[in-house]
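What follows draws every value from the coordinates through simple rules; no lab data is involved. As the structure is a prediction and not an experimental result, all values here were calculated from the model. All Cβ positions, even for glycine, are placed from backbone atoms using ideal geometry, and neighbour counts span all protein chains on display.
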Amino acid sequence: MIAEREQTQRVKRREMRGHTAVVTGAATGLGCEIALSFARRGVNVAFNYIELPDRDISAQALLTETTLRACGVEVYSEHCDVRDSEAVTTFVANAHAQLGGLHYLVNNAGIAHDGALWRMTDLAWDEVLQTNLTGAFNCIRAIAPFLRNQRYGKVVSISSHQAYQPGFGIANYTASKAALVGLTKSAAVDLGAYNVNVNAVAPGFVKTELLSTLPSEIVADAEHGSVLGRIAEPEDVANVVVFLCSDDARHITGQVILVDGGLTLH
């Protein structure tokens with residue numbers, strides 16, 4: 001009997017190769033590394049991007065798409081603002097049509113507009129909450145019908161260690177990332193009956209382009225504050241995201257995995 005049950009469990013375990021992942025905001029930075037981690041495992045990738053001031057994101061998106069295709073997978077990319085629910089619905093539907101299915105969603109798109117709470121403008125508050133929180137909601141809502149119909153899927157949202165240990169001048173960012181934890185847990189409840197796992201990853205500081213814009217003393221404090229004495233490489237976070245999308249993590253849902261080198265232990 002035990003042998004038969006183990007055999008049944010092995011049959012139900014799904015391989016990632018040939019599946020499709022949607023990774024938002026993956027033209028650059030951590031999102032790009034997450035997309036590459038999927039592609040190296042034979043997972044097709046759909047990603048969106050928007051233009052940003054003083055940066056040619058379209059050119060970087062094309063480079064990312066080329067790099068992903070070199071891994072031997074199919075790729076679909078499109079300009080899409082996650083704050084626009086109709087645009088998100090169209091993007092997800094197009095990705096499904098172009099790549100023949102959807103299995104994983106990674107809510108990576110996010111922005112920051114830092115400033116002391118008493119100086120924070122309505123626009124700075126709204127843009128961060130709309131992108132980091134409402135954008136994730138729009139994406140989960142858009143992909144949910146596909147995952148429910150096939151009774152299988154994985155959703156991972158990128159929160160932050162600052163949801164638990166905020167610094168100065170990031171009230172909007174902290175609020176958005178903390179609320180994303182709540183959304184993750186609620187979505188896990190709503191989608192659990194359809195065999196859909198919903199989790200979040202909360203990175204500490206990660207060596208991306210964004211890190212280079214921070215004051216050197218903040219970076220130094222992050223290194224010293226980590227019990228491992230270092231800042232994460234993008235693949236440190238990407239590997240956890242991919243793990244949560246694999247069937248090795250099939251009994252994990254509604255959880256937040258801190259990938260912060262121990263920053264929040266202090």
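Descriptive notes on the structure:
- If the chain linking residue 265 and residue 93 were pulled fully straight, counting 0.36 nm for each residue of separation and taking away their Cα-Cα distance, it would gain 57.8 nm.
- Tally of Lys pairs whose C-alpha atoms are under 24 Å apart, taken over the chain, 8 or more apart or cross-chain: 5
- Principal-axis analysis of the Cα atoms of the chain puts helix 171-191 at an angle of about 10° to the longest axis.
- Highest average packing first - 195-208, 67-80, 147-160, Cβ atoms within 10 Å: 195-208, 147-160, 67-80
- Nearest 10 degrees, 0 to 90: helix 29-40 Cα axis against the chain principal axis: 20 degrees
- Between the Cα long axis of helix 85-99 and the first principal axis of the chain there is an angle of about 40°, rounded to the nearest 10.
- Summary of packing: across the peptides 98-104, 234-240, 165-171, the per-residue average of other C-beta atoms within 10 Å ranks them, highest first, as 234-240, 98-104, 165-171.
- Extension gain from residue 116 to residue 40, taking 0.36 nm per residue of separation minus the Cα-Cα distance: 23.2 nm
- Its Cα centre serving as origin, segment 131-266 has a Cβ charge dipole (Lys and Arg +1, Asp and Glu -1) of approximately 680 debye.
- J(HN,Hα) series, segment 198-211, from Karplus relation 6.51 cos²θ - 1.76 cosθ + 1.60, nearest Hz, glycine and proline x: 10, 9, 9, 10, 10, x, x, 6, 10, 6, 10, 4, 4, 4
- Relative exposure of 118, 125, judged by other C-beta atoms within 10 Å (fewest first): 118, 125
- Ordering 214, 164, 50 by the projection of their Cα atoms onto the charge dipole of the chain, which places +1 on the Cβ of Lys and Arg and -1 on the Cβ of Asp and Glu, puts 164 at the extreme positive end.
- Cα shape, segment 15-260, gyration tensor, a/c 1.5 rule: rounded
- Segment residue 66-residue 149, extension gain: residue separation times 0.36 nm, minus the distance between their alpha carbons: 26.7 nm
- Listed residues 130, 36, 62: farthest to the positive end of the dipole of segment 1-138 (Cβ charges): 36
- Rounded, prolate or oblate (a/c below 1.5 giving rounded, otherwise prolate when a/b exceeds b/c) for segment 72-111 by Cα gyration tensor: prolate
- Average Cα contact separation per residue, the chain, under 8 Å, 6 or more apart, as relative contact order %: 19 percent
- Prolate/oblate/rounded label for segment 116-166 (Cα gyration tensor, a/c 1.5): oblate
- The charge dipole of segment 15-260, taken about its Cα centre with unit charges on the Cβ atoms of Lys, Arg (+1), Asp and Glu (-1) only, comes to about 840 debye.
- Label point at residue 239 placed 7 Å out along Cα→Cβ; residues across segment 20-38 whose backbone nitrogen lies under 13 Å: 37
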